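Some notes on the structure that comes next.
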Number of protein chains: 2
Amino acid sequence: MTIAAPGPLSLVPFVSVEHMMEIVLDIGVERLLSELASYIEADFARWELFDKTPRVAAHSAEGVIELMPTSDGETYGFKYVNGHPKNTREGRQTVTAFGMLAKVSDGYPVLLSEMTILTALRTAATSALAAKYLAPAGSRVMAMIGNGAQCEFQAMAFKALCGIDTVRLYDIDPAATRKAAQNLSGSGLTVVPCGSSEEAVLGAQIITTCTADKQFATILTDNLVGAGVHINAIGGDCPGKTELHSDILLRAGIFVEYTPQTRIEGEIQQLPPDHPVTEFWQVVTGRAEGRRDAAEVTVFDSVGFATEDFSALRYVRDQLLRTGKYAQLDLLADPDDPRDLYGMLLRAGLRAAA
Amino acid sequence: MTIAAPGPLSLVPFVSVEHMMEIVLDIGVERLLSELASYIEADFARWELFDKTPRVAAHSAEGVIELMPTSDGETYGFKYVNGHPKNTREGRQTVTAFGMLAKVSDGYPVLLSEMTILTALRTAATSALAAKYLAPAGSRVMAMIGNGAQCEFQAMAFKALCGIDTVRLYDIDPAATRKAAQNLSGSGLTVVPCGSSEEAVLGAQIITTCTADKQFATILTDNLVGAGVHINAIGGDCPGKTELHSDILLRAGIFVEYTPQTRIEGEIQQLPPDHPVTEFWQVVTGRAEGRRDAAEVTVFDSVGFATEDFSALRYVRDQLLRTGKYAQLDLLADPDDPRDLYGMLLRAGLRAAA
């Protein structure tokens with residue numbers, strides 16, 4: 001059956017997983033992470049402009065499916081994302097995602113993109129951006145507890161943005177550590193596989209915790225955290241899932257993305273609801289102090305926020321022309337006369353019969 | 001740059017606008033509308049099972065962008081839909097939409113589909129399904145006030161499901177009526193273009209109002225509605241947008257999809273918040289009476305609900321194998337080892353360099 005090619009208004013640029021890999025390889029991981037971080041930073045700097053709708057979650061016994069919408073008034077974006085810890089046991093990703101941008105003025109989508117890889121990139125870029133503001137000056141060594149899918153992205157972002165030259169890896173599963181060490185072997189980072197969390201944190205100015213599938217776990221106990229350390233806590237990101245002992249939080253400066261969401265999903269769900277925290281955008285805009293002194297323990301209690309996905313989608317959209325890595329998807333109906341949707345169908349039938 | 005083909009878990013069936021037209025033409029409009037109505041009816045019959053999240057709306061001066069999620073516990077679905085009345089003046093659709101289904105158990109999408117055409121189909125199928133329960137027995141003539149993009153779909157659904165053989169068309173823009181009359185000329189329906197609403201409702205047992213871009217308009221005044229008429233009111237579907245004079249509502253039996261949403265978006269936003277209405281699922285399941293007698297005026301105050309989109313996506317999914325009209329979209333990352341997302345990227349780079 002032959003049907004005329006879709007009209008120009010019907011087409012939406014689509015970035016597949018393959019396209020996303022090609023974009024990353026074309027631009028280079030470190031450069032991309034740095035550029036992406038500057039988009040995220042720019043959006044944190046205009047934080048107050050964003051429509052900060054809470055994410056819409058559908059919980060089930062096995063996981064959660066979420067929609068994360070936001071808008072800056074000109075562009076609307078949302079991410080679809082699932083979280084199913086048992087998926088890895090079935091050969092699937094714990095987290096998969098896709099997202100889109102649309103023009104607020106006419107509601108037409110302008111980008112549809114895979115976001116499984118992009119979410120790992122934006123999470124890493126956000127973590128390193130926060131550390132640029134919060135970690136002690138001259139940080140060189142990062143401990144990484146949890147060596148799953150996010151680990152190498154985090155390592156590369158901290159190399160690119162913060163000047164980290166050494167990562168010390170630990171995972172309860174040695175195979176995960178071997179995987180991460182091998183993937184990072186040609187990266188220019190010194191990679192030190194460790195046999196315990198205690199060993200991993202030795203000499204580290206930054207500690208990244210990114211474990212999965214834990215219920216109120218204590219990945220990091222108080223005695224492991226020395227003065228001046230910056231903790232990048234990205235694994236505690238839903239109700240009942242935390243990684244840090246509350247004693248660490250009680251003596252630390254705590255920085256969050258969006259307080260109402262982090263109170264529910266972050267490490268601070270362990271603390272009283274009035275425990276003081278600082279929103280990161282306030283640090284970016286100079287309205288709040290970041291690290292107070294060289295001895296302060298700082299925690300970036302990151303759960304991921306819709307604006308970060310928005311920044312990431314903005315970045316991808318801006319790479320379409322630069323890289324040419326996308327397809328045109330016939331997603332929207334574009335009849336000759338917008339009121340003549342049915343006629344479009346009839347004419348397609350006539351063409352098919354001809 | 002050559003990158004290995006995506007793994008099987010990365011692929012999501014995608015139904016484009018062209019595919020959707022091919023599906024409709026393959027199955028036939030009337031048969032498709034009847035089959036679709038049976039899916040919608042089946043989901044109304046298990047109404048209580050659904051997760052009925054309110055739609056998430058982002059309003060702007062020019063329109064609205066909405067996400068409409070729902071779930072039956074096994075399958076999750078959502079629709080992205082915009083509403084921008086000024087779009088038609090720029091050659092764009094007032095409403096465009098796309099949607100997806102995912103498995104609740106692992107969060108993986110199983111279908112991505114255009115929904116601009118599909119929404120017109122499901123709205124028409126829902127309207128005709130409601131009329132099957134509510135319109136007077138032996139209805140043959142339908143007045144259609146508003147002859148825009150939805151008009152012909154509605155006409156064909158009422159022909160297929162309710163035995164309507166005559167439609168009487170009126171629109172303030174005669175070009176819209178001409179368009180609809182021409183599109184319906186080979187349909188088997190007797191088509192009567194009319195010069196006014198008064199003329200259109202003559203002898204009609206059913207009145208469908210589907211106008212757009214109106215602020216508290218009165219498309220239908222009380223004196224035009226005789227005893228026993230069924231009104232299918234689909235144009236009043238957001239705050240500030242209504243079509244019926246409230247006097248009609250005050251003497252009618254009113255049927256809605258989901259009361260909390262219709263109180264805000266439907267015709268009944270004109271009535272006190274405790275005015276009695278009946279949810280349509282209760283009629284389908286026999287828990288509430290439909291039409292009481294031949295003289296009753298019934299109103300289906302339809303605003304569109306997420307379960308109807310869910311039913312429509314279920315129907316499309318079930319046509320994939322039957323029609324073969326879809327593409328495979330590389331939407332999800334599928335690394336050999338789910339924890340090795342970064343390694344997938346590295347290996348793609350090695351293959352590209354080889």
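Data overview
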quantity	calculated
Selected residue [in contact with a helix residue (DSSP H, G or I) (Cβ under 6 Å, 6 or more places away or on another chain) and of a type in the set (Val, Ile, Thr)] from B:192, B:201, B:229	B:201
Restricting segment A:21-42 to residues that are charged (D, E, K, R), over 12 Å from residue A:129 (Cα atoms) and touching a helix residue (DSSP H, G or I) at 6+ places or on another chain (Cβ under 6 Å), the residue that is surrounded by the most Cβ atoms within 10 Å (Cβ to Cβ)	A:26
When residues of segment B:16-39 are limited to those that are in contact with a Lys or Arg (Cβ under 7 Å, 6 or more places away or on another chain) and of a type in the set (A, V, I, L, M), the one nearest to the other protein chains (Cβ to nearest Cβ)	B:23
Residue in segment B:74-87 that is under 30 Å from residue B:289 (Cβ atoms), assigned by TED's automatic domain parsing to the domain that holds residue B:330 and among the charged types (D, E, K, R) present	no
Test: residue in segment A:149-166 that is more than 18 Å from residue A:28 (Cα to Cα), touching a strand residue (DSSP E or B) at 6+ places or on another chain (Cβ under 8 Å) and not acidic (Asp, Glu)	yes
Matching strands (runs of 3 or more DSSP E) fully within segment B:221-325 where at least 1 residues are acidic (Asp, Glu) and at pLDDT 90 or above	B:297-301
Candidate set: segment A:43-59, residues that are more than 15 Å from residue B:56 (Cα to Cα) and crowded, with 17+ Cβ neighbours inside 10 Å; chosen: the one nearest to the other protein chains (Cβ to nearest Cβ)	A:50
Some residue of segment A:132-146 being within 13 Å of another protein chain (Cβ to nearest Cβ) and either over 16 Å from the mean Cα position of the chain (by Cα) or surrounded by 23 or more Cβ atoms within 10 Å (Cβ to Cβ) (or both)	yes
Any hit, segment A:195-208, residues being modelled with pLDDT of 95 or more, of a type in the set (Ser, Thr, Tyr) and under 21 Å from the mean Cα position of the chain (by Cα)	yes
Verdict on residue B:201 being within 20 Å of residue B:47 (Cβ to Cβ) and buried (at least 19 other Cβ atoms within 10 Å of the Cβ)	no
Residue B:181 vs. criteria outside any loop (DSSP other than H, G, I, E, B) and under 27 Å from residue B:39 (Cβ atoms)	no
Identity of the residue in segment B:72-83, buried (at least 20 other Cβ atoms within 10 Å of the Cβ) and out of contact with any helix residue (DSSP H, G or I) (no Cβ under 8 Å at 6 or more places or on another chain), that ends up nearest to the other protein chains (Cβ to nearest Cβ)	B:82
Sole exception among (1) assigned to a helix (DSSP H, G or I); (2) touching a residue at least 12 places away in the same chain (Cβ under 8 Å); (3) under 17 Å from the mean Cα position of the chain (by Cα) for residue B:22, by number	(3)
Qualifying residue in segment A:79-100 (condition: more than 30 Å from residue A:144 (Cβ to Cβ) and either among the basic types (Lys, Arg) or in a helix (DSSP H, G or I) (or both))	no
Residue check for residue B:332: closer than 24 Å to residue B:14 by Cα, within 14 Å of another protein chain (Cβ to nearest Cβ) and buried (at least 21 other Cβ atoms within 10 Å of the Cβ)	yes
Residue satisfying all of: in segment A:84-123; of a type in the set (Gly, Ala, Ser) and buried (at least 22 other Cβ atoms within 10 Å of the Cβ); farthest from the other protein chains (Cβ to nearest Cβ) among these	A:99
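The values are calculated or read from the model by the stated rules, or taken from the named source; none is laboratory data. No experiment lies behind these values; they were computed from the predicted model shown. So basically every Cβ, Gly included, is an ideal-geometry build from the backbone, and we count neighbours across all protein chains shown.
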